[in-house]
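The values are calculated or read from the model by the stated rules, or taken from the named source; none is laboratory data. Because the structure is a prediction, the values reported are computed rather than measured. Cβ coordinates were reconstructed from backbone atoms using ideal geometry, including for glycine residues, and neighbour counts include every protein chain displayed. Remember, those area values only see protein heavy atoms, side chains included, never the ligands or the DNA or RNA. Shrake-Rupley method; radii C 1.70, N 1.55, O 1.52, S 1.80 Å.
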Amino acid sequence: MRVALFVTCVNDTLYPRTGRAVVRLLERLGVEVGFPAEQSCCGQPQYNTGYRREAEPLVRRFDRAFAGYEYVVTPSGSCAAMVRDAYPRIGAEAAAEGRGTEAAEAAARAVPRTYELTEFLVDVLGVTDVGACFPHTVTYHPTCHGLRALGLGDRPRRLLSRVRGLQLRELDGAEECCGFGGTFAVKNPDVSAAMGADKARAVEATGAEAVCAVDNSCLAHIGGVLARRGSRVRAVHLAEILAATEEEPHG
Amino acid sequence: MSGTQPGTPAFPEAARDAVRDGTLRGNLRHATRTIRGKRARAVAELDDWAELRAAGKAIKDRTLRHLDHYLVRLERSVTAAGGTVHWAADAAEANRIVTGLVKATGEREVVKVKSMATQEIGLNEALEAEGVRAYETDLAELIVQLGRDRPSHTLVPAIHRNRGEIRDVFAREMAAWGRPAPDGLTDRPADLAEAARLHLREKFLRAGVGISGANFMVAETGTLVVVESEGNGRMCLTLPETLISVVGIEKVVPTWRDLEVFLQLLPRSSTAERMNPYTTMWTGTADGDGPRAFHLVLLDNGRTDTLADEVGRQALRCIRCSACLNVCPVYERAGGHAYGSVYPGPIGAILSPQLRGTGSAVDASLPYASSLCGACTDVCPVAIDFPEVLIHLRERVVQGGEATRNGVRVRLRPAKGHAAERAAMRAARWALDHPAALRAGQRLVSRTRRLHPARLPGPGRAWTDARELPEVPPEPFRDWWRRTRGDAR
């Protein structure tokens, strides 16, 4: 099986170790991974801020970049949700505004092949034990897009529960937004920071060594607040935990 | 809609004070969390909740599609039952109609049952300008009125006040409005309720005119419905000689069978009760029972314009249950006042910029007063897709486009103050559509990573004020891939 990694612009630039972890994990599970260099951003920052037209070429780019792959796997719940929810809307609006059906056709091809990492592991590969070892206490923050837009349900927890040595700690108010919200963090800085502080306090109260999630953008926010508070809790992408083994522990 | 007060601050500024007010945040946090938990339990009791919700959504959508038809039917039914129907295109017209009706009775005082429509149009102020004093009789509204405050929650307008604050307001202000608070009033809920009861009872027995809103209007019989908890509303609806109801046109439902669905959805979503204590229904006038004269003022005030928008119109499904406020993490921190409108929380963020347009600073900021977390959509009993409408309205703010204002199709220009952002988004689009440029940019960031300041200038400052920046890695992912795997796909 050959799958394309959609690493996302945030991971590409700031969290390459998450991309490397996905490659290591998938290859360990016998999957051949490709990385089309034409890929860039899903267009979420533009679309969610109101610049739908600026996101439109990125829909077509996504389609071109991943043409020929049966599966596109991404370690980002929000980027997967962007493809699934917003691409069809962008395509339909482009057609309605007289710019042809190209974007709509691109969306129709992109949606069924795009999977968030935990969906791909559980639904397509049918595994929950990925042979990982991470001997630490961990708490899990279900990100809003993972939780509500994608409906990931208990997939991440099922994967975490089979990681050797890992102790999962319950997070109080887990389903509440951390306050990142893309440009929300910049446009409403006080409210965003207040939400982040409450999330950070809840994370610290679990006593876990690390907080994990399926989205590095939320983790950048939570981790940034934790670091500013001088906390010792680390923010780690779920993929990095799943990629860690006894031989190759997480850095 | 009567428009915002000039100078009403944009949401981020208005929220700043609330975020820093520890008492306010504590009050809001406690209240919303309590009701959130209760609602979840009340909803979980029904195994057909999903079907009820789908039915509520479908009934509202169908009614909105044929709103003209059902409103005409409603008018016929109300008139046949002895009532009089008035049509008000905007706030000014509605206020003119109501003040005219009150003055025609010769009364100088009116009692009111909680009505968001009359707050939306600023009726109390309009009446005062004509020498008529309006008394709010809903307990929370009374607290807000006595405290010279503004409501901050749809269902619990005084949610931001705690018991001690309410006691102080009663002791200080009641005398100026009627019967004073008893001496030595404590902050026990029973004592506070008794003080309000004695104060209000006088007004109910004296008032010649009652003014109400309505939760629903049944087109087939011309029946209006108010759902409440205290019974004060029923006093207003039954005791005065003249009853004037001011209701938004979207509140019509075709039949009693439709009403049945909403009488299940509303109480559980709103107060987390299986059934609310008082449901009062009135149909026109009847000899020897209730008001002798009944007037229904049907309020448009931006609703027809909202209806013309295919994405935005779903906001008109709202049955004002306030479940979206109680789960909203932004509302919980910012409080209701920051929304600059009688409609706070997620519903305010999508309704006000449609009813009033996106012209003012606060209305242009409201579509951004959300992290798009979607918790509101999860609990909405009529399944409003809040993120969809928020993003739709954001586009209207930054890019302009077609909209309907006062029944006329207009082309809106982008709101002011987004030029730099628009340029940045265009530049980003260009870079993201040219991977070579993107790669060069990433490399520049990586190579200069030791030079990056801990605090950013410009818009980035908002980030570094409260958070550390992620450390920039020495090598972007795509360079690692190329170095270790080559360019092969």
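One table, with the values for the structure above:
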item: Entirely in the range A:53-164, the strands (runs of 3 or more DSSP E) that have 1 or more residues that are out of contact with any helix residue (DSSP H, G or I) (no Cβ under 8 Å at 6 or more places or on another chain) and free of Cβ contacts under 8 Å to residues at least 12 places away in the same chain; result: none
item: Test: B:Val382 is assigned by the TED database to the domain that holds B:Leu355, among the β-branched types (Val, Ile, Thr) and part of a loop (DSSP other than H, G, I, E, B); result: yes
item: Verdict on B:Arg39 being under 26 Å from B:Glu260 (Cβ atoms), of a type in the set (Lys, Arg) and buried (at least 18 other Cβ atoms within 10 Å of the Cβ); result: yes
item: Some residue of the range B:412-421 being of a type outside the set (Ser, Thr, Tyr), in contact with a Leu (Cβ under 8 Å, 6 or more places away or on another chain) and away from every other protein chain (no Cβ under 13 Å); result: no
item: Of all residues making up the range A:226-239, the number that are open to solvent by less than 10 Å² (accessible area, probe 1.4 Å) and within 13 Å of another protein chain (Cβ to nearest Cβ); result: 4
item: Residues being within 11 Å of chain B (Cβ to nearest Cβ), assigned to a helix (DSSP H, G or I) and crowded, with 24+ Cβ neighbours inside 10 Å - total across the range A:21-41; result: 2
item: Some residue of the range B:391-401 being free of Cβ contacts under 8 Å to residues at least 40 places away in the same chain, open to solvent by 50 Å² or more (accessible area, probe 1.4 Å) and in contact with a Leu (Cβ under 8 Å, 6 or more places away or on another chain); result: no
item: Test: A:Gly207 is open to solvent by 30 Å² or more (accessible area, probe 1.4 Å), in a loop (DSSP other than H, G, I, E, B) and at positive phi; result: yes
item: Close pairs from the range B:461-484: first at the interface with chain A (Cβ under 7 Å from one of its Cβ atoms), partner part of a loop (DSSP other than H, G, I, E, B) and at pLDDT 90 or above, Cβ under 7 Å, at least 6 apart; result: B:Phe477/A:Val7; B:Arg478/A:Ala37; B:Trp481/A:Phe35
item: Answer from B:Ala81, B:Ala88 - the residue that is touching a residue at least 12 places away in the same chain (Cβ under 8 Å), surrounded by fewer than 19 Cβ atoms within 10 Å (Cβ to Cβ) and small (Gly, Ala, Ser); result: B:Ala81
item: Per-region count, the range B:311-349, residues in contact with a His (Cβ under 9 Å, 6 or more places away or on another chain) and not small (Gly, Ala, Ser); result: 6
item: Enumeration of residues in the range B:446-460 that are facing chain A (nearest Cβ under 10 Å) and over 45 Å from the mean Cα position of the chain (by Cα); result: B:Ser446
item: In the range B:172-220, residue farthest from B:Val156 (Cα to Cα) [restricted to those that are among the polar types (S, T, N, Q) and surrounded by 19 or more Cβ atoms within 10 Å (Cβ to Cβ)]; result: B:Ser212
item: Some residue of the range A:170-190 being at the interface with chain B (Cβ under 8 Å from one of its Cβ atoms), in a helix (DSSP H, G or I), in contact (Cβ under 8 Å) with a residue 24 or more places away in the chain and more than 25 Å from A:Thr74 (Cα to Cα); result: no
item: Residue count for the range A:42-68, restricted to those that are open to solvent by less than 10 Å² (accessible area, probe 1.4 Å) and in contact with a Gly (Cβ under 6 Å, 6 or more places away or on another chain); result: 2
